[in-house]
Amino acid sequence: MSEKVIIDSLGIGRALSRIAHEIIERNKGTEGLVLIGIRTCGIHLAKRIAEKIREIEKCEVPVGVLDITLYRDDILTKKGHPAVRKTEIPFNLSGKVVVLVDDVLYTGRTIRAAMDEVMDFGRPDMIQLAVLIDRGHRELPIRADYVGKSVPTSKSAMIKVLLSEEGLEDRVILKEEQ
Amino acid sequence: MELKSKDLLDIKSLDREEINLFLDSAESFKEVTGRDIKKVPTLRGKTVVNLFFEPSTRTRTSFEIAAKRLSADVINFSISGSSMSKGESLLDTARNIEAMSSDFIIIRHSASGAPHMLAQCLKSSVINAGDGSHEHPTQALLDLVTIKERKGGIEGLKVAIIGDIAHSRVARSNIYGLTKLGAEVRVAGPPALIPAEIESTGVSVFYNLKEALSDVDVIMVLRLQLERQGKNYFPTTREYARLYCLTAERIRDAKEDVMIMHPGPINRGIEISPEVADGLSSVILEQVTNGIAVRMGVLYLLGGRGEA
Amino acid sequence: MKKILIKSGRIIDPVNNLDKVSDLLIEGGKVARIDSNISIASDTEVIDATGQFVVPGLIDMHTHLREPGYEYKETISTGTMAAAAGGFTTVCCMPNTRPVNDSQAITEFILHKAATEGFVNVLPIGAITKGSKGEEIAEMAELREAGCIALSDDGRPVMNGAVMRRALEYAKMLHLPVISHCEDTHLSEEGVMNEGLISTEMGLRGIPNVSEDVMVARDIALSELTGGQLHIAHVSTRGAVELIRRAKERGISVTAETCPHYLVLTDEAVTGYNTNTKMNPPLRALSDVEAVREGLQDGTIDIIATDHAPHAQEEKEKEFDNAPFGITGLETALSIALQLVDEGVLTLRDVIMKMSARPAMILGIDKGSLHITSVADITIISPHTAWVVDPVHLKSKGKNTPFSGWKLKGKVSATIVGGKVVHP
Ligand SMILES: [Zn+2]
């Protein structure tokens, strides 16, 4: 196994700032905008992006939390269940622009589950997707609207996003089979 | 963390971690039951069979709602004792049902151990919805969730269980669950309704209600099965009420913020006085919601032991 | 009839104080000679018993052969085949058939069936009361004349003390032992297993020890009053052991039996609701097992009987509450008794005594020893052969054994009844 840091702490900060700017740019401000982070890393990233938007636009964007476990398509075939935790969307989604935030975009299945779950909470005008890393290998017709960094990977590689909220030093690691 | 068994047959064989896993899941599923759209696609394509040999609309409905909110298909079989005795055996019935490709079989039966028998012979996950005088695990889990919500935890609580302990599956499941989570459990009732060697399960026995209630955090009152009359377990329900009816007066011996529970339906004036019963309604409603959340969690967690 | 020469076996015959490696010759269906190096004649079948035990044929005082009436559970043919496989050359069959064996006709039917289809000797036990209803005593003289060797209402205890008193008095006159299934059915109520922590945990109705103890006490008192010969069936409680011990000290005419399962299993075996651990009396607590073992050691309990009670599989494949009481036992009893020898609870001599000589004495029959001219009922045991109990391979129709999967030691290598090899 070789292990290398592909984004460091500064790099993560820069990527999130750029994503925050692009979100404001694309949506012409923050009117009707909500961020929803996908457990667990997506929540931290969503909160950081919301913070950046606040610095730029001087206004609060609501942040929700999505636990997609119950919407996963592999839940009944995999042995052992991930613990179910709460989804927290304490605001109405109808007529809103929802930006889903996740750390890594890979097969697209997580995003499919997330979209299904968001739809069950209301009827947003639009759903957009922001990810820190896009590593390719999509299995569904899904693409991200905002990408921190595209990283071509082999299927056997592992990408780990480590964040200070989890008590670790901010960085993104690529582990590859030799 | 993974469950050891494909089935939920009793609380006795669960360890502390497993019980906590069920309780934590229930909390998460309670959030789902609070959504506008209360249905999640988790068990889509799965079939849940309710196999009830004793009538119990409340428990059956609770399981049915739980399964439906997880998008499972639900089939209800209510089989009365008489048609069973002349017809096929329990095992035949269950095998036939499994042949309809069920994934979960939820069974309520008047014979202790009936769910165990099915679990040994069937591939489906078997969930015990109450067997004879043995256990009623999902009832205990929902009681634990409710107590935990009200009291912030289970460890160190003093809990008194009052009434017909000998014939109560709710009592057994709660005794195991509460003691495993570190509560101090007392049981009280007339001698004939306290089963042999119950102390060895880690509870203390009281015949005097006043002593049993002294300083307790939770009082669980069991329903007195009226058909127990005339078997000399106690002289009359009138005399039973004289000694064991939970009245406002008697509650004063407990802690000020004592929580009172009853698995229902209540015999007012026998095991519990009308005034105390009236004060119970809030907990009872809470129990309904918790019951669905607990059962969603149970289905979800057992379903996760997938065949791959 | 062919002569049989059993070569070089260890002959154990407690009655004649014999325990030596020797040859044994059977001639004309009788034991003809016991000697070292008996020469082999041309017309003689030779069984090499080197390293094996040669003992008087085992006698089971408590067997349910189920015929007539419950042939789907067992027949006289399959039951005696199982007996032969288990080393028993004689079985006493309980009268709780359908109809109950309370008459000459049924007794004769059983004896006729046994003579034509049976593999071992069958000695019928007649009912104490008509239909085993516990109300009127049966025609015991007629039963004796027809061939009954004892009386019992096994499974349906005589609850009325006055009836039991009259039965003991009358049976005494006829020199018939009365075998009592001691249970106060009011106290056992609807119990299905031993009353204790396990029944409490499992939510099953318990049968308290006292339901056995009070009836043992009553029957001992009635035996003292009447002088009738009382035999207590399947002792399972420490209280019963103590009562019998004291009665024997006082010279009361009482004998007792226990069964292999009460010696090696406790009520913990019931955990998991295995209906093959459901029998009556039930498996008890460890302190009871210890007391029963002690009783067996000091002679308080005279014999080991099987209480072989076969049932059809679909009857046992039921909820614990609804499954019938009883387990099969003929084919596992000896191996379990030998296990007790290994554990140092009993001597080999004790086992032969309690499974052959003593039952014969209690019944007053000329069996249970290998004296010259005695009928050649002989069991040859291969003491070190290990085997695993697999219900499928039992000869009995009843596969309801709690010992399924047990690894046992000691197997019957040949069973000889009246000079004829009936097993294998
Ligand atoms: Zn009996």
For the range C:57-363, what mean projected area does the convex hull of the alpha carbons give, in nm²? 13.8 nm²
Take B:147, C:198 and sort them by solvent-accessible surface of the protein heavy atoms, 1.4 Å probe, largest at the top. C:198, B:147
If the only charges are +1 at each Lys and Arg Cβ and -1 at each Asp and Glu Cβ, what is the size of the charge dipole of the protein assembly as shown around the Cα centre, to the nearest 20 debye? 1680 debye
Rank these residues by their accessible area, most exposed first, probe 1.4 Å: C:23, C:321. C:321, C:23
Given C:286, A:118, C:233, which one lies farthest toward the positive end of the charge dipole of the protein assembly as shown, if we put +1 on the Cβ of every Lys and Arg and -1 on the Cβ of every Asp and Glu? A:118
Nearest-5 percent of antiparallel DSSP beta bridges in chain C? 50 percent
Reachable lysines from residue B:158, criterion Cα separation under 20 angstrom, eight or more residues apart if same chain: B:12, B:148, B:180, B:210, B:255
Largest first and in whole Å, give the semi-axes of the protein assembly as shown's equivalent ellipsoid, each being the square root of 5 times a Cα gyration tensor eigenvalue. 70, 35, 22
With springs connecting C-alpha atoms under 10 Å apart, model chain C as a Gaussian network and identify which of C:316, C:133, C:411 has the largest mean-square fluctuation. C:133
On Cα atoms only, tilt of B:16-33 relative to the major axis of chain B in degrees: 80 degrees
Show me, bin by bin at 5 Å from 0, the whole-percent P(r) of chain A based on Cα pairs. 1, 8, 17, 21, 21, 17, 10, 4, 1, 0
Highest-MSF residue in chain C out of C:250, C:218, C:144 [GNM, Cα springs under 10 Å]: C:250
Tell me the accessible surface of residue A:125 in square angstrom (1.4 angstrom probe, heavy atoms of protein chains only), to the nearest ten. 110 Å²
Return the FRET efficiency for the residue pair residue A:28, residue C:313: r is the Cβ-Cβ distance, R0 is 56 Å, and the value is rounded to the nearest 0.05. 0.15
Among the lysines, which have Cα under 25 Å from the Cα of residue C:420 when same-chain residues fewer than 8 positions away are ignored? C:2, C:3, C:7, C:20, C:30, C:113, C:354, C:367, C:395, C:397, C:411
Check cross-link reach from residue A:155 to the aspartates and glutamates: straight Cα distance under 14 Å, and skip same-chain residues fewer than eight apart. A:134, A:139, A:176, A:177
Based on alpha-carbon positions alone, could you give the equivalent ellipsoid semi-axes of the range B:183-308 from the gyration tensor, as √(5λ), descending, whole Å? 29, 19, 16
nm² value of the averaged projected area, convex hull over the Cα atoms of the range C:321-424: 8.5 nm²
Here the percent of antiparallel bridges among DSSP beta bridges lying wholly in the protein assembly as shown, to the nearest 5, is 35 percent
Take the Cα coordinates of chain B, assign each an equal point scatterer, and use the Debye formula without solvent to give log10 I(q)/I(0) at q = 0.11, 0.14, 0.15 Å⁻¹. -0.67, -1.06, -1.20
Give the angle, between 0 and 90 degrees and rounded to the nearest 10, that separates the Cα long axis of helix B:169-180 from the longest principal axis of the Cα atoms of chain B. 90 degrees
Globularity index of the range C:257-362, i.e. its alpha-carbon radius of gyration over 2.2 N^0.38 Å: 1.11
How much accessible area does residue C:48 have with a 1.4 Å probe, in Å² rounded to the nearest 10? 100 Å²
Per-pair calculated FRET efficiency, R0 = 60 Å: residue B:214 and residue A:160 via Cβ, rounded to 0.05: 0.60
Rounded to a whole number, the Stokes-Einstein D of the range B:145-184 in µm²/s (Kirkwood radius over Cα pairs; 25 °C; 0.890 mPa s) is 232 µm²/s
Probe 1.4 Å, all protein chains in place: accessible area of residue C:395 in Å², nearest 10? 90 Å²
If R0 = 35 Å, then residue B:229 and residue C:98, at their Cβ-Cβ distance, give a FRET efficiency to the nearest 0.05 of 0.45
Within 10 Å of each candidate Cβ there may be at most 12 other Cβ atoms; applying that plus a DSSP loop requirement, which GluC sites (Glu not before Pro) in the range B:112-193 survive? B:155
Projected label distance in nm at residue B:149 and residue C:133, using a 7 Å step from Cα toward the beta-carbon: 6.1 nm
Ignoring ligands, DNA and RNA, how do B:37, B:194 rank by accessible area with a 1.4 Å probe, largest first? B:37, B:194
Report, to the nearest 10°, how far helix C:238-249 tilts away from the longest principal axis of the Cα atoms in chain C, using its own Cα long axis and a range of 0 to 90°. 70 degrees
If one builds a Gaussian network model of chain A from Cα atoms under 10 Å apart, the most fluctuating residue listed among A:24, A:38, A:159 is A:24
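The values are calculated or read from the model by the stated rules, or taken from the named source; none is laboratory data. What you see is a predicted model, and the numbers here were worked out from it, not measured in a lab. Every residue, glycine among them, receives a Cβ derived from its backbone with ideal geometry; neighbour counts consider all protein chains shown. The protein model used for the area step is the full one, side chains on, heavy atoms only, and it has no ligands, DNA or RNA in it. Shrake-Rupley method; radii C 1.70, N 1.55, O 1.52, S 1.80 Å.
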